[in-house]
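Structure first, commentary second.
The values are calculated or read from the model by the stated rules, or taken from the named source; none is laboratory data. What you see is a predicted model, and the numbers here were worked out from it, not measured in a lab. Positions of Cβ are generated from backbone atoms using ideal geometry, with glycine treated the same way; all protein chains shown enter the neighbour counts. Keep in mind that these areas ignore ligands, DNA and RNA; they rest on the heavy atoms of the full protein, side chains included. Shrake-Rupley method; radii C 1.70, N 1.55, O 1.52, S 1.80 Å.
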Amino acid sequence: MRDFNYLEPTSVEEASRLLAELEDEEVRLIAGGTALILTLRQRMLRPEHLVSLARIDRLRGIDYDPARGLRIGALERHADIASSSLVRQHYPVLAAMAGQVANPQVRNQGTLGGNLCYGDPSTDPPSCLLALDASVVLGSTRGERTMPLSEFLVDFFENALESDELLLEVRVPPLPAGAAGVYSRFLRTAAEHRPLVSVALVAARSGASCSMARLAVGASTPVPTRVPRAEACLAGRDVTPAVAAEVADIVVQDIQVMSDSRGSEEYRRAMVRAVVRRAVCELFELSIDEGVPA
């Protein structure tokens, strides 16, 4: 790695000023560093300045309010989210997802904010947070602004941050009455840590009856994506294995699917269909094979 200046601001305003002052130079933010350090070692990036966020207290903390929901600071690690009693009690699907991210080394070093800003579609948090209707709070010297996560995730490895902004926190609204969630994914091999398909489903249910659903797909799409037609297909119906298969078909029709060295478009669509069916059946406690051909 080449030499660089390592800067440690202690406030959002100070970090934002540094980013503005260094806008014409090669500068990168570092949070957990799990992705950035690899790119530096491989010489894919050669920044002149690294701005560490580690000393900014505004970016820490996990809090819950019954009226406003959950707040997760951008510097909270995946392991912190997985073990948080507040997350486990009020959003068990989020805790379960966080406990599956990558591997123990990454979970104990990588941060939620860093994960979202990096924008790799083949990671776990974005699709789960989309299904939970999460938003992000961004900050700079100009103040703070809040936007839906769906607007923050712009494209493949792209986000909506301005050049002098930081991601401060993630907010998750309270779940509707009777709502529960499931996060399901497909790995090509047991040794792989990045899912080929991820599906998150949050639904308000009473027995087999569904009154509301939010369904998001990631890893096989350029950006994690909600699927409104599939959500509408579930809402207001008694969910059966046949309905689960119908929803899976709609998802496959409505998403844009990548094709690369990890899997062709045809293969990925087949896996998306299977994982969606599995997620719907799991949440509504159905047998996936009951009355539905493979």
Problem - Per-region count, the range 62-88, residues surrounded by fewer than 17 Cβ atoms within 10 Å (Cβ to Cβ) and either among the charged types (D, E, K, R) or free of Cβ contacts under 8 Å to residues at least 24 places away in the same chain (or both) - result: 6
Exercise for the section: Determine whether the range 131-139 contains at least one residue that is in a strand (DSSP E or B) and of a type in the set (S, T, N, Q). Expected result: yes
Exercise for the section: Would you point out which residue out of Leu75, Leu168 is part of a loop (DSSP other than H, G, I, E, B) and of a type in the set (A, V, I, L, M, F, W, C)? Expected result: Leu75
Problem - Whichever residue in the range 148-169 is without any contact (Cβ under 8 Å) to a residue 60 or more places away in the chain and under 24 Å from Ala82 (Cα atoms) and, among such residues, is most open to solvent (accessible area, probe 1.4 Å) - result: Pro148
Handout entry: Tally of residues being charged (D, E, K, R), in contact with a helix residue (DSSP H, G or I) (Cβ under 9 Å, 6 or more places away or on another chain) and surrounded by fewer than 17 Cβ atoms within 10 Å (Cβ to Cβ) across the range 189-208
Key = 0
Practice task
Please work out if Val172 is at pLDDT 95 or above, open to solvent by less than 10 Å² (accessible area, probe 1.4 Å) and within 15 Å of Leu59 (Cα to Cα).
Solution key: no
Exercise for the section: Search the range 11-25 for residues being assigned to a loop (DSSP other than H, G, I, E, B) and open to solvent by 70 Å² or more (accessible area, probe 1.4 Å), and hand back the single one that is nearest to Ser163 (Cα to Cα). Expected result: Glu23
Practice task
Please enumerate the residues belonging to the range 91-129 that are assigned to a helix (DSSP H, G or I) and aliphatic (A, V, I, L, M).
Solution key: Val93, Leu94, Ala95, Ala96, Met97, Ala98, Val106, Leu112, Leu116, Leu129
Handout entry: Some residue of the range 124-146 being in contact with a Pro (Cβ under 8 Å, 6 or more places away or on another chain), within 21 Å of Ala191 (Cβ to Cβ) and at pLDDT 95 or above
Key = yes
Completion exercise
All conditions in (1) over 18 Å from the mean Cα position of the chain (by Cα); (2) under 24 Å from Asn103 (Cα atoms) are true of Ala74 except (1)
Handout entry: In the range 171-185, the residues that are without any contact (Cβ under 8 Å) to a residue 60 or more places away in the chain and not in a strand (DSSP E or B)
Key = Pro176, Ala177, Gly178
Handout entry: Top-ranked residue of the range 238-273 - restricted to ones that are outside any helix (DSSP H, G or I) and of a type in the set (Gly, Ala, Ser), ranked as most open to solvent (accessible area, probe 1.4 Å)
Key = Ser261
